[in-house]
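Asks: Sharing a structure here in structure tokens format.
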Amino acid sequence: MLRICFVLLWIATVAAGPAAAADAAATAVRITARALFDGKAMLEIDGRRRLLNAGQRSPEGVLLLAATPDHAQIEVAGTQHRIGLDRSIGASFSPAAAPRSLLLAPAGDGHYYVDGAINGTGIRFVIDTGASTIAINRQDARRIGLLYRVDGQPMLVETASGQARAYRVRLKSVKARTIEQKDIEGIVIDGDYPSTALLGQSFLNRLDMTREGVMMELRER
């Protein structure tokens, strides 16, 4: 009888072990919207203020999905919440994973290339710190399925060959290897330029970029 009780106690302890460990690992936080703007929000997360752009995740693991002057839409541990100005929520979630980073070496032409995706369709980028936004040509836009002439805002841009017609668009998601950002501005140039998509500042300014020798590192904030 004693042996049976011991076995039952051991089974109960093992069964409870993972759940207990998960509860211990979970972190309870209070999130308050302190300032709201179109596309960005100042969130106070356990006393720390974080200014986030839509699509950006805080070091604590809070993802800002969207923001207007009236409310912020956030995601915590896979659950979405809507917060008004100076309103708070309590949430529990596991500590955020370490920020993702990419280490890039220059190609033979001296440029830095990285494989990624736009709206889930694979594409190759060249890092262009001088470009204000992501830029792709019309062939890539059609392959991705962008209706840029319908949904885009027409404009003129300067290229190596002179002025060209282009369209400003919003991209649902942009990935560079494992680093993904959402709701990013881009332009489609209605021609064959650029032959390789430009990964410009609309993506890069959401990351930390460092150089050591010839190596370039891109790291999530």
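Asks: For L171, are the conditions met, namely being assigned to a strand (DSSP E or B), under 22 Å from G39 (Cα atoms) and modelled with pLDDT of 95 or more?
Replies: yes
Asks: What do you reckon, is G84 out of contact with any Phe, Trp or Tyr (no Cβ under 8 Å at 6 or more places or on another chain), touching a residue at least 12 places away in the same chain (Cβ under 8 Å) and among the small types (G, A, S)?
Replies: yes
Asks: Here is a check on your reading of the model: is Q139 surrounded by fewer than 21 Cβ atoms within 10 Å (Cβ to Cβ) and assigned to a strand (DSSP E or B)?
Replies: It is false that Q139 is surrounded by fewer than 21 Cβ atoms within 10 Å (Cβ to Cβ) and assigned to a strand (DSSP E or B).
Asks: If I go through the range 38-93 residue by residue, how many of them are surrounded by 16 or more Cβ atoms within 10 Å (Cβ to Cβ) and part of a loop (DSSP other than H, G, I, E, B)?
Replies: Of the residues in that region, 7 qualify.
Asks: If you don't mind, there's one more thing I want to ask. Going by the conditions given, is S88 at pLDDT below 80, touching a helix residue (DSSP H, G or I) at 6+ places or on another chain (Cβ under 7 Å) and over 20 Å from I189 (Cβ atoms)?
Replies: For S88, the condition - at pLDDT below 80, touching a helix residue (DSSP H, G or I) at 6+ places or on another chain (Cβ under 7 Å) and over 20 Å from I189 (Cβ atoms) - is not met.
Asks: Looking only at the range 184-221, filter to residues that are assigned to a loop (DSSP other than H, G, I, E, B) and of a type in the set (V, I, T); which one of those is surrounded by the most Cβ atoms within 10 Å (Cβ to Cβ)?
Replies: Selected residue: T196.
Asks: Let me ask something additional. How many residues, within the range 153-171, are surrounded by 12 or more Cβ atoms within 10 Å (Cβ to Cβ) and either charged (D, E, K, R) or at positive phi (or both)?
Replies: Here the count works out to 3.
The values are calculated or read from the model by the stated rules, or taken from the named source; none is laboratory data. This one's a predicted model, so the numbers in the text were calculated from it and none came from an experiment. Every residue, glycine as well, gets a Cβ built from its backbone with ideal geometry; the counts of neighbours run over all protein chains shown.
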